[in-house]
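Worksheet for the structure shown next.
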Amino acid sequence: MLFKDVFATLLRLSKMSGNASMNEKENAIVKLIQDADNTEAKFIVRWLLKNLRTGVAEKTVLSALARAVC
């Protein structure tokens, strides 16, 4: 997984808005976590939970994490 791809996804997350944005953000996070190996996923989730300036609520990250590992 390349940093530029992760950064592009996070940038896209920060620009999402509107009624359906929560589902779109969750789907983008699920894809990020599924595409990452274990170590990468750990750091992506940590970063998202620590830096919620991306406009992603904590429950969205946790829901996406649950979907990604199931």
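Excluding ligands, DNA and RNA, what is the solvent-accessible area per residue of the stretch 1-54 at a probe of 1.4 Å, expressed in Å²?
71
So, in nm, how far is label Leu2 from label Asn27 when the simple model puts each one 7 Å beyond its Cα toward the Cβ?
2.4
How large is ³J(HN,Hα), in whole Hz, for each residue of the stretch 16-31 in order, when computed from phi with the Karplus curve 6.51 cos²θ - 1.76 cosθ + 1.60 and θ = phi - 60°, using x for Gly and Pro?
6, 8, x, 5, 8, 5, 4, 5, 5, 5, 4, 4, 5, 5, 4, 4
Would you kindly state how much longer the chain becomes between Leu62 and Met16 on full extension, computed as 0.36 nm times their sequence separation minus their alpha carbon distance, in nm to one decimal?
14.7 nm
The values are calculated or read from the model by the stated rules, or taken from the named source; none is laboratory data. Treat the numbers as computed from the prediction; the structure is a model and nothing was measured. Note that we place each Cβ from the backbone using ideal geometry, even for glycine, and neighbour counts take in every protein chain shown. Areas reflect the complete protein model, heavy atoms only, side chains present, ligands, DNA and RNA absent. Shrake-Rupley method; radii C 1.70, N 1.55, O 1.52, S 1.80 Å.
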